[in-house]
1. Does Leu47 fit the bill of being more than 26 Å from Trp157 (Cα to Cα), surrounded by 10 or more Cβ atoms within 10 Å (Cβ to Cβ) and not assigned by TED's automatic domain parsing to the domain that holds Trp157?
2. Would region 92-111 turn up any residue that is out of contact with any strand residue (DSSP E or B) (no Cβ under 6 Å at 6 or more places or on another chain), at pLDDT below 80, of a type in the set (S, T, N, Q) and not assigned by TED's automatic domain parsing to the domain that holds Gln74?
3. Condition first: assigned to a loop (DSSP other than H, G, I, E, B) and modelled with pLDDT of 85 or more. Now tell me which residues in region 134-168 satisfy that.
4. Working carefully through the options Leu22, Leu85, find the one that is out of contact with any Lys or Arg (no Cβ under 9 Å at 6 or more places or on another chain), within 29 Å of Ile153 (Cβ to Cβ) and of a type outside the set (Gly, Ala, Ser).
5. Please work out which residue is nearest to the chain's Cα centre (by Cα), limiting yourself to region 66-88 and to residues that are at pLDDT below 80 and part of a helix (DSSP H, G or I).
6. Would you call Arg29 surrounded by 10 or more Cβ atoms within 10 Å (Cβ to Cβ) and either assigned by TED's automatic domain parsing to the domain that holds Ile153 or charged (D, E, K, R) (or both)?
Amino acid sequence: MIALLSALLGFFSSAVPDIFKLFRDAKDRAHELAILKLQMDYDREKLAATATENAQARHQQLQAIELQNAGQEQLALNDRIKDSLTGIHWVDALSGSVRPVLTYAFFGLYVLVKTAQFALLMQPELPWQNDMSIAQALVSLWTEEDVAIFSAIMAFWFGQRAMMRAKR
């Protein structure tokens, strides 16, 4: 019996180092997996940072190209204006002032007509017209046509910039 127990003990004791080795190998594999996961996370973050940097660089390049195009467009417009100049100072000044003078003249006429309408609404001349308060008169003066004129003016002066940006 002792021989049998010593044989079994000898057999199991020879397997103990192999069992410890299996545990150590399992721990080593788990450690390697953890290191690989950390390295993959680091590579992902590095790739994302590189992509962000690349996107910022592309955005800066696009802005530089847009600025360059705007400068070239301005130079082309300046050249076109220089080509249309006659060299006679007062003729060139008069030519450049036609649109602003007409704009101011029609705006003055518009204000004059609206002022006359306001005066008639406040003190009616005809017997069937009623006196209005200032608020009622102002509301009745602002018609759909006025809204259309106002919209056209705003779109002309400020829409041009939006269209230029949309082109880019």
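The values are calculated or read from the model by the stated rules, or taken from the named source; none is laboratory data. Since the model is a prediction, treat every value here as computed from it, not as a measurement. Cβ placement follows ideal geometry from the backbone for every residue including glycine, while neighbour counts extend to all protein chains displayed.
1. Numbers: more than 26 Å from Trp157 (Cα to Cα): yes; surrounded by 10 or more Cβ atoms within 10 Å (Cβ to Cβ): yes; not assigned by TED's automatic domain parsing to the domain that holds Trp157: yes.
The answer is yes for Leu47.
2. Yes, region 92-111 contains a residue that is out of contact with any strand residue (DSSP E or B) (no Cβ under 6 Å at 6 or more places or on another chain), at pLDDT below 80, of a type in the set (S, T, N, Q) and not assigned by TED's automatic domain parsing to the domain that holds Gln74.
3. Kept after step one, since they are assigned to a loop (DSSP other than H, G, I, E, B), are these residues of region 134-168: 142-143, 168.
Correct list: Trp142, Thr143.
4. Details: Leu22 fails: within 29 Å of Ile153 (Cβ to Cβ).
Unique residue meeting the criteria: Leu85.
5. Leu77
6. Values: surrounded by 10 or more Cβ atoms within 10 Å (Cβ to Cβ): yes; either assigned by TED's automatic domain parsing to the domain that holds Ile153 or charged (D, E, K, R) (or both): yes.
It is true that Arg29 is surrounded by 10 or more Cβ atoms within 10 Å (Cβ to Cβ) and either assigned by TED's automatic domain parsing to the domain that holds Ile153 or charged (D, E, K, R) (or both).
Rundown of residues vs (1) loosely packed, with under 11 Cβ neighbours inside 10 Å; (2) assigned by TED's automatic domain parsing to the domain that holds Gly71; (3) among the aromatic types (Phe, Trp, Tyr), yes/no style:
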site: Phe118; (1), (2), (3): no, no, yes
site: Glu144; (1), (2), (3): yes, no, no
site: Val147; (1), (2), (3): yes, no, no
site: Phe156; (1), (2), (3): yes, no, yes
